[in-house]
Amino acid sequence: MKIGIPKEILSQEYRVSVNPETAKMLLQSSHELFIQSGAGIDSGFSDEEYSALGCIIVETASEVFDRSELIVKVKEPSFDEVEMLSNKAIFTYLHLSSSKELTQKLLDCNVTGLAYETVVINNETPMLKPMSEIAGRLSLLDSIELLKKSKGGKGKLIAGTSLVEPANVLIIGGGIVGLNAMQMSLGLGASTTLLDVNNDLLADIKAKYPAVNVAESSRQVIENILPMVDVVVGAVLTPGGKPPIVISRDMLSLMEPKTILSDVSIDQGGCFETSKATTHGDPTYEVDNIIHYCVRNIPSAVPFTATNALNEATKPFILKFANSGLNGLFEDEKLLMALNTYEGKITNEEVAIAHSLDYSDPKSL
Ligand SMILES: NC(=O)c1ccc[n+]([C@@H]2O[C@H](COP(=O)([O-])OP(=O)(O)OC[C@H]3O[C@@H](n4cnc5c(N)ncnc54)[C@H](O)[C@@H]3O)[C@@H](O)[C@H]2O)c1
């Protein structure tokens, strides 16, 4: 298969979808790789490194798209990229539930859209997990900075001191992001509360981490906790679907001024009503005196770690699709979960529900 790797175009997106190790594995299986010049540089991989392996380096994104049957990316494609994808396939984070416009564009351009995030195996999302680990850890580390007075925060040290109480951290959603944020928060000595709708999960977490306070998530519970918190991490997910809104606009008045709301779920549309996507260059804004941090590509801040972690998770799926093509895709139940759009139809039920559009069972196609 002819596989293209364009340079990411989202502001301050430093990851690359295929690192030299994955490239080597694909080349060994006789695939051709077209890499846009400079695509790997921010993750520490030069054009020379790729070309020494046998990849073809091309100057422009349009040449990458023109010469490839499959495009492998990190972030969702822009509308211009979708135009270049007409009748081709893409494997990337698509997050289609958060954008009806992008969903419609992929359908109109007859794109075979494969999404990393919709593959679920044993209740885990293996291609989302490595990024969630990084995002969960960084959400807490970034909040430490935002608590500083010099950064516009409350002026609190997250760990407190022997004479002063530590900060209060509330984490909503106890999946991979939430668990990693919680481990950081506990490790830093913050007073930490974790909420989820899954009581079995909460019981397991409490058994392993006795220092954390856990409770079943509900509007009432969140309202009771908000007046005491310094940092809230939003880390909820409904696989493939839009996250639920766990903090509405009217709840902002319950918090002290300069409380930090870190909406990690923003890549799926956000779980706070007042969230809107921000960038690493300008990561925060305020609504009603509450600091919102809503960076939708948090792992990109550490591209070396993030690119290599992403590749470890995605390479078996990319290789499988490259080796077997569409025929193999329809015979492989796990890989088929990645298929979101095909021949102008939506093949992921959650995406169809999110936009009130028709769903086609991929097994029937
Ligand atoms: N911004 C970024 O850079 C970035 C990076 C990685 C992941 N994410 C996002 O972070 C979010 C969490 O990812 P994850 O991998 O931890 O998902 P996960 O599926 O492992 O965990 C989600 C958790 O949310 C819980 N949940 C669902 N509804 C809830 C509610 N109303 N209240 C409380 N908990 C609820 C679920 O029970 C589950 O435990 C996702 O939206 C993901 O896309 C963002």
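One residue stands out among those in the stretch 12-50 that are within 24 Å of the chain's Cα centre (by Cα) and small (Gly, Ala, Ser): the one that is nearest to Glu76 (Cα to Cα), which is Ser17. Evaluated against (1) within 17 Å of Ile318 (Cα to Cα); (2) open to solvent by 10 Å² or more (accessible area, probe 1.4 Å); (3) in contact (Cβ under 8 Å) with a residue 12 or more places away in the chain, Gln28 falls short on exactly one condition, (3).
Looking at Val197, Val177, which one is in contact with a Ser or Thr (Cβ under 7 Å, 6 or more places away or on another chain), within 15 Å of the ligand (Cβ to nearest atom), under 19 Å from Glu124 (Cα atoms) and free of Cβ contacts under 8 Å to residues at least 40 places away in the same chain?
Going through Val197, Val177 in turn, the sole match is Val197.
The set of residues in the stretch 99-135 that are basic (Lys, Arg) and either farther than 28 Å from Val233 by Cβ or in contact with a Leu (Cβ under 9 Å, 6 or more places away or on another chain) (or both) comprises Lys100, Lys105. For the stretch 69-84, indicate whether the set of residues that are part of a helix (DSSP H, G or I) and among the hydroxyl-bearing types (Ser, Thr, Tyr) is non-empty. Checked the stretch 69-84: no residue is part of a helix (DSSP H, G or I) and among the hydroxyl-bearing types (Ser, Thr, Tyr).
Among Asn110, Asn87, which is the only one that is closer than 17 Å to Asn340 by Cβ and free of Cβ contacts under 8 Å to residues at least 40 places away in the same chain?
Details: Asn110 fails: free of Cβ contacts under 8 Å to residues at least 40 places away in the same chain.
Testing whether each residue is closer than 17 Å to Asn340 by Cβ and free of Cβ contacts under 8 Å to residues at least 40 places away in the same chain leaves just Asn87.
Does Gly187 fit the bill of being in contact with a helix residue (DSSP H, G or I) (Cβ under 6 Å, 6 or more places away or on another chain), of a type in the set (Gly, Ala, Ser) and at pLDDT 95 or above? So that I can check it myself, show each step before the final result.
Details: in contact with a helix residue (DSSP H, G or I) (Cβ under 6 Å, 6 or more places away or on another chain): no; of a type in the set (Gly, Ala, Ser): yes; at pLDDT 95 or above: yes.
It is false that Gly187 is in contact with a helix residue (DSSP H, G or I) (Cβ under 6 Å, 6 or more places away or on another chain), of a type in the set (Gly, Ala, Ser) and at pLDDT 95 or above.
When Ala89 is tested against (1) out of contact with any helix residue (DSSP H, G or I) (no Cβ under 6 Å at 6 or more places or on another chain); (2) away from the ligand (no atom under 16 Å from the Cβ); (3) open to solvent by 50 Å² or more (accessible area, probe 1.4 Å), just one condition goes unmet, and that condition is (3). Name, by its number, the condition in (1) touching a residue at least 60 places away in the same chain (Cβ under 8 Å); (2) within 16 Å of the chain's Cα centre (by Cα) that does not hold for Val229. For Val229, the exception is condition (2). Those residues that are modelled with pLDDT under 95 and farther than 18 Å from Lys2 by Cβ, I need them from the stretch 309-331; list them, please. Scanning the stretch 309-331 gives Phe330, Glu331.
Kindly establish whether Gly160 is open to solvent by less than 20 Å² (accessible area, probe 1.4 Å) and at pLDDT 95 or above.
Values: open to solvent by less than 20 Å² (accessible area, probe 1.4 Å): yes; at pLDDT 95 or above: yes.
Against the criterion (open to solvent by less than 20 Å² (accessible area, probe 1.4 Å) and at pLDDT 95 or above), Gly160 qualifies.
Is one or more of the residues making up the stretch 120-127 at pLDDT below 95, touching a His at 6+ places or on another chain (Cβ under 9 Å) and surrounded by 17 or more Cβ atoms within 10 Å (Cβ to Cβ)? Taking every residue of the stretch 120-127 in turn, none turns out to be at pLDDT below 95, touching a His at 6+ places or on another chain (Cβ under 9 Å) and surrounded by 17 or more Cβ atoms within 10 Å (Cβ to Cβ).
Under the condition of being farther than 17 Å from Phe272 by Cβ and open to solvent by less than 40 Å² (accessible area, probe 1.4 Å), which residue from the stretch 180-190 is nearest to the ligand (Cβ to nearest atom)? Among those residues, the one meeting the criterion is Asn180.
For the stretch 131-171, what are the residues that are part of a strand (DSSP E or B) and under 26 Å from Val74 (Cβ atoms)? Working first, answer last.
Restricting attention to the stretch 131-171, the residues satisfying the condition of being part of a strand (DSSP E or B) are 168-171.
Matches in the stretch 131-171: Ile171 only.
Only a single criterion out of (1) of a type outside the set (Lys, Arg); (2) touching a residue at least 12 places away in the same chain (Cβ under 8 Å); (3) farther than 19 Å from Lys75 by Cα is not satisfied by Asp267, namely (3). Among the residues of the stretch 1-25, those identified as under 20 Å from Leu326 (Cα atoms) and crowded, with 22+ Cβ neighbours inside 10 Å are Ile3, Gly4, Ile5. Filtering the stretch 215-274 to residues that are surrounded by fewer than 19 Cβ atoms within 10 Å (Cβ to Cβ), among the acidic types (Asp, Glu), over 23 Å from Ala167 (Cα atoms) and near the ligand (Cβ under 10 Å from one of its atoms) leaves nothing. Return yes or no: is Glu48 surrounded by fewer than 15 Cβ atoms within 10 Å (Cβ to Cβ), at pLDDT 95 or above and touching a Ser or Thr at 6+ places or on another chain (Cβ under 9 Å)? It is false that Glu48 is surrounded by fewer than 15 Cβ atoms within 10 Å (Cβ to Cβ), at pLDDT 95 or above and touching a Ser or Thr at 6+ places or on another chain (Cβ under 9 Å). Pairing each residue of the stretch 306-333 that is without any contact (Cβ under 8 Å) to a residue 60 or more places away in the chain with any residue that is charged (D, E, K, R) and open to solvent by 70 Å² or more (accessible area, probe 1.4 Å), provided the two are 6+ apart or on different chains, yields C-beta distances under 7 Å for Gly328/Lys320; Asp332/Lys320.
The values are calculated or read from the model by the stated rules, or taken from the named source; none is laboratory data. These numbers were taken from a predicted model, which means no experiment stands behind them. Cβ coordinates were reconstructed from backbone atoms using ideal geometry, including for glycine residues, and neighbour counts include every protein chain displayed. Only protein heavy atoms, including side chains, enter the accessible area calculation; ligands, DNA and RNA are left aside. Shrake-Rupley method; radii C 1.70, N 1.55, O 1.52, S 1.80 Å.
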